[in-house]
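Peer 1: Structure in structure tokens, see below.
The values are calculated or read from the model by the stated rules, or taken from the named source; none is laboratory data. This structure is a prediction, so every number in the text was calculated from the model and none was measured. As a convention, Cβ positions derive from the backbone with ideal geometry for all residues, glycine included, and neighbour counts pool all protein chains shown. Side chains included, ligands, DNA and RNA excluded: accessible areas come from the protein's heavy atoms. Shrake-Rupley method; radii C 1.70, N 1.55, O 1.52, S 1.80 Å.
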12 protein chains.
Amino acid sequence: MTAHTYKIIELVGSSPNGTDEAIRNAIAKAAQTVKHMDWYEVIESRGHIVNGQIQHYQVTIKVGFRIED
Amino acid sequence: MTAHTYKIIELVGSSPNGTDEAIRNAIAKAAQTVKHMDWYEVIESRGHIVNGQIQHYQVTIKVGFRIED
Amino acid sequence: MTAHTYKIIELVGSSPNGTDEAIRNAIAKAAQTVKHMDWYEVIESRGHIVNGQIQHYQVTIKVGFRIED
Amino acid sequence: MTAHTYKIIELVGSSPNGTDEAIRNAIAKAAQTVKHMDWYEVIESRGHIVNGQIQHYQVTIKVGFRIED
Amino acid sequence: MTAHTYKIIELVGSSPNGTDEAIRNAIAKAAQTVKHMDWYEVIESRGHIVNGQIQHYQVTIKVGFRIED
Amino acid sequence: MTAHTYKIIELVGSSPNGTDEAIRNAIAKAAQTVKHMDWYEVIESRGHIVNGQIQHYQVTIKVGFRIED
Amino acid sequence: MTAHTYKIIELVGSSPNGTDEAIRNAIAKAAQTVKHMDWYEVIESRGHIVNGQIQHYQVTIKVGFRIED
Amino acid sequence: MTAHTYKIIELVGSSPNGTDEAIRNAIAKAAQTVKHMDWYEVIESRGHIVNGQIQHYQVTIKVGFRIED
Amino acid sequence: MTAHTYKIIELVGSSPNGTDEAIRNAIAKAAQTVKHMDWYEVIESRGHIVNGQIQHYQVTIKVGFRIED
Amino acid sequence: MTAHTYKIIELVGSSPNGTDEAIRNAIAKAAQTVKHMDWYEVIESRGHIVNGQIQHYQVTIKVGFRIED
Amino acid sequence: MTAHTYKIIELVGSSPNGTDEAIRNAIAKAAQTVKHMDWYEVIESRGHIVNGQIQHYQVTIKVGFRIED
Amino acid sequence: MTAHTYKIIELVGSSPNGTDEAIRNAIAKAAQTVKHMDWYEVIESRGHIVNGQIQHYQVTIKVGFRIED
């Protein structure tokens with residue numbers, strides 16, 4: 001991290017397949033509109049259960065991105 | 001919560017009447033510009049005291065809303 | 001609290017009307033099967049939003065009850 | 001909050017009627033002896049259950065007040 | 001989550017293969033006796049090491065399920 | 001801890017004599033109905049004061065036990 | 001706890017002999033000036049080491065006492 | 001804080017000179033686009049080390065600002 | 001810290017110049033009435049923003065002082 | 001865990017492929033110099049983003065190992 | 001604590017007899033190789049249960065010691 | 001942070017002059033024996049008071065450094 005200013009946003013990604021894919025999905029979605037993303041941090045890991053099975057893994061992350069000068 | 005991506009924002013609502021109304025005020029204000037709000041979570045509950053009485057209940061909430069595809 | 005042993009269970013109550021009623025609903029439901037409840041503690045206060053309005057207040061509580069000798 | 005020094009005290013208020021009234025009761029009691037109270041913050045929200053019903057809502061708050069110059 | 005009451009239980013699942021499978025194993029085991037499970041939340045993620053390698057991934061989760069009316 | 005599933009329950013034990021005995025009392029009480037207890041963790045340590053002296057030490061613990069296959 | 005207002009103070013007690021005695025010493029000291037103490041809660045448990053041995057056990061507690069009407 | 005609604009954003013400021021300047025830099029950057037900022041709160045204080053010396057102090061803050069009516 | 005009993009109080013100091021001065025101001029104010037102060041611990045670091053600039057740094061500290069025998 | 005003494009160290013492992021592999025990499029690296037590792041616990045899960053994609057998953061773990069007698 | 005630099009290490013001590021002895025055992029073990037230990041702080045207090053009885057009290061502590069100049 | 005493994009150590013630095021200098025002193029001391037330090041994070045900020053004035057600012061930090069391959 002250099003001497004820039006960063007903004008942190010909070011996202012929830014989800015996936016039927018696993019925790020890591022839920023993180024990747026949130027970042028891929030954010031990448032459509034946010035530039036200069038630099039890091040993420042997992043805040044909460046949870047999921048939705050239907051009929052005794054996990055239907056969606058849901059991961060809340062904070063994402064830091066550099067504010068353009 | 002289905003397999004969408006959600007964004008979480010943090011708001012402080014206030015009310016002269018009570019904690020629940022402070023939450024409702026924050027959500028009503030956000031509803032003017034944010035669509036697809038799905039849940040809120042109370043982060044902090046506090047208030048402003050004037051002359052020994054609560055003048056405003058102030059509640060910090062996180063609000064999650066679905067990002068449109 | 002006297003020299004008994006207590007068990008603590010965790011419940012989520014909900015209400016369309018407010019935070020306190022959500023707590024009361026959880027305790028009323030538990031009272032149908034649990035005796036000797038002695039105290040509760042709020043763990044999390046959140047809610048479900050539909051069309052920009054709170055549809056249900058949802059409060060997670062821990063409830064302590066005395067184990068019969 | 002201006003450039004004064006504040007002291008923070010911790011109180012537990014109670015009420016048979018609800019969470020907000022428990023907060024108000026603690027502040028009203030403190031107002032009998034403490035001047036210049038400026039804000040409160042909820043630390044813990046719990047209650048006493050008797051015969052399957054809430055007998056007292058009990059709320060722990062921190063109260064900040066300005067120290068006179 | 002609708003206007004029902006939910007109970008939350010805490011489980012530890014384990015797996016020799018990974019974190020997500022440890023979660024799934026805990027839920028599959030619970031599904032043998034618990035109906036109406038609705039969500040889980042990861043509380044702690046740890047593991048057992050033998051001879052410098054992970055022998056079991058161990059994940060503590062809270063599981064929420066609806067109490068039948 | 002092997003590849004089993006564990007359940008965690010929360011108990012409050014008390015004793016007029018000390019913190020450790022309060023823990024032991026909670027576990028002894030649980031042992032009357034719960035098998036395969038494997039570990040405990042202290043969550044909260046508090047007590048009841050009467051006439052300026054501790055009347056009961058009260059310790060909240062989580063207890064993990066293996067669910068039988 | 002009945003419908004009174006309580007104040008909570010924070011104390012550090014110490015003892016050369018053990019954790020429980022450090023708690024008792026703090027309460028005994030407070031009892032010289034504070035009436036109506038009702039409960040304590042351990043906030044922090046630490047100690048001072050001299051020459052590789054514990055010289056004092058030091059326990060930080062919160063003590064709640066009823067404010068007289 | 002009066003009866004308005006506030007939004008809270010999270011920023012990371014940095015400075016080669018010290019913690020306070022890192023806070024000021026984040027606020028100065030935000031002031032270019034955000035009006036009505038009212039308070040900040042430090043969330044995390046860290047830094048980047050190069051060749052055994054601090055190259056940048058990095059402070060994560062939350063900033064609250066009033067939403068215009 | 002020797003085998004005495006200590007009391008801990010919570011203060012908020014403020015300064016237009018910086019975080020450390022806000023701490024010093026709180027301690028200087030307390031020193032007018034409290035003897036035997038031994039340590040402080042920072043609990044919260046925040047500030048008031050006016051016109052896009054920090055008007056006051058505000059630091060909440062706990063201060064421990066020895067109770068006289 | 002038997003009646004031995006354990007030391008706990010904190011490590012950050014990384015992997016381009018996923019969270020679990022980042023944990024395994026940290027443990028494999030530690031195994032080159034540390035004997036008798038017995039358990040790990042995940043403290044923080046984060047990652048580095050480059051061009052809108054996760055370049056490294058980074059997991060902070062605590063590892064406990066038995067001190068030889 | 002004077003103007004020295006201190007290092008903090010984390011240890012788990014155990015004892016079949018009680019919490020305080022588990023702390024003392026960890027410190028005694030560390031004293032074999034670490035000089036200038038100055039304080040400890042309890043991080044976690046747990047234990048191992050066999051046949052419904054505590055077999056070992058296990059206490060995780062942080063220990064601070066002065067780095068020699 | 002690249003795909004290396006990092007170790008995190010915990011230090012307490014002190015200074016008679018201020019918080020930032022206490023951090024710098026801890027890092028300077030560590031730099032005498034630890035290579036490849038990459039970041040620090042403030043864990044606790046406190047100080048020692050003598051005669052109503054801060055004698056030493058004491059800051060606990062975690063420092064991460066790369067383990068050589």
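Residue-wise test of (1) more than 22 Å from B:VAL42 (Cα to Cα); (2) free of Cβ contacts under 8 Å to residues at least 12 places away in the same chain.
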site	(1), (2)
C:ASN25	no, no
C:ALA31	yes, yes
C:LYS35	yes, no
C:TYR40	no, no
C:VAL50	no, yes
C:GLN53	no, yes
C:HIS56	no, no
C:GLY64	yes, no
C:ILE67	yes, no
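Peer 1: Also, I was wondering about something else. Of all residues in region B:33-57, count the ones that are assigned to a loop (DSSP other than H, G, I, E, B) and more than 30 Å from A:THR33 (Cβ to Cβ).
Peer 2: As a first pass, look at region B:33-57 and keep what is assigned to a loop (DSSP other than H, G, I, E, B): B:33-36, B:51-52.
Going one step further and asking which of them are more than 30 Å from A:THR33 (Cβ to Cβ), we end up with B:51-52.
Residues in region B:33-57 being assigned to a loop (DSSP other than H, G, I, E, B) and more than 30 Å from A:THR33 (Cβ to Cβ): 2 in total.
Peer 1: I need a count of the residues in region D:46-69 that are more than 11 Å from the chain's Cα centre (by Cα) and of a type in the set (Gly, Ala, Ser). Before the answer, list the steps.
Peer 2: Looking only at region D:46-69, we keep the residues that are more than 11 Å from the chain's Cα centre (by Cα), and these are D:46-57, D:65-69.
Next, from what is left, pick out any that are of a type in the set (Gly, Ala, Ser): D:47, D:52.
Residues flagged as more than 11 Å from the chain's Cα centre (by Cα) and of a type in the set (Gly, Ala, Ser) within region D:46-69 amount to 2.
Peer 1: Something else: Those residues that are of a type in the set (A, V, I, L, M) and closer than 22 Å to G:ALA30 by Cα, I need them from region I:32-69; list them, please.
Peer 2: I:VAL34, I:MET37, I:VAL63, I:ILE67
Peer 1: Can you find a residue in region C:42-56 that is basic (Lys, Arg) and at the interface with another protein chain (Cβ under 7 Å from one of its Cβ atoms)?
Peer 2: Initially, region C:42-56 is screened for residues basic (Lys, Arg), giving C:46.
With the extra rule that they be at the interface with another protein chain (Cβ under 7 Å from one of its Cβ atoms), the set shrinks to C:46.
Within region C:42-56, one or more residues are basic (Lys, Arg) and at the interface with another protein chain (Cβ under 7 Å from one of its Cβ atoms).
Peer 1: Here's another thing I want to ask about it. Inside region C:41-63, can you point out the residues that are more than 18 Å from E:GLY64 (Cα to Cα) and in contact with a strand residue (DSSP E or B) (Cβ under 8 Å, 6 or more places away or on another chain)?
Peer 2: As a first pass, look at region C:41-63 and keep what is more than 18 Å from E:GLY64 (Cα to Cα): C:49-55.
If the condition is that a residue be more than 18 Å from E:GLY64 (Cα to Cα) and in contact with a strand residue (DSSP E or B) (Cβ under 8 Å, 6 or more places away or on another chain), then C:ILE49, C:GLY52, C:ILE54, C:GLN55 are the ones that fit.
Peer 1: For region D:44-63, state whether one or more residues are open to solvent by 50 Å² or more (accessible area, probe 1.4 Å) and within 19 Å of B:THR19 (Cα to Cα).
Peer 2: No.
Peer 1: Restricting attention to region L:3-22, which residues are free of Cβ contacts under 8 Å to residues at least 40 places away in the same chain and at the interface with another protein chain (Cβ under 7 Å from one of its Cβ atoms)?
Peer 2: First pass over region L:3-22, keeping only residues free of Cβ contacts under 8 Å to residues at least 40 places away in the same chain: L:3, L:18, L:20-22.
Correct list: L:ALA3, L:GLY18, L:ASP20.
Peer 1: Moving on. Could you check region E:1-32 and list, in sequence order, the residues that are assigned to a helix (DSSP H, G or I) and under 22 Å from F:ILE61 (Cα atoms)? It would help to see each step written out before you state the result.
Peer 2: First, the residues of region E:1-32 that are assigned to a helix (DSSP H, G or I): E:19-31.
Once the filter is applied, which keeps residues that are assigned to a helix (DSSP H, G or I) and under 22 Å from F:ILE61 (Cα atoms), region E:1-32 yields only E:ALA26.
Peer 1: Filter region J:24-37 for residues that are within 21 Å of L:GLU10 (Cβ to Cβ) and within 7 Å of another protein chain (Cβ to nearest Cβ); which is most open to solvent (accessible area, probe 1.4 Å)?
Peer 2: Just the residues of region J:24-37 that are within 21 Å of L:GLU10 (Cβ to Cβ), to begin with: J:26-27, J:29-30, J:33-34, J:37.
Those still in the list that are within 7 Å of another protein chain (Cβ to nearest Cβ) too: J:26-27, J:29, J:37.
Values: J:ALA26: 0, J:ILE27: 3, J:LYS29: 32, J:MET37: 13 Å².
Filtering region J:24-37 for residues that are within 21 Å of L:GLU10 (Cβ to Cβ) and within 7 Å of another protein chain (Cβ to nearest Cβ), the one most open to solvent (accessible area, probe 1.4 Å) comes out as J:LYS29.
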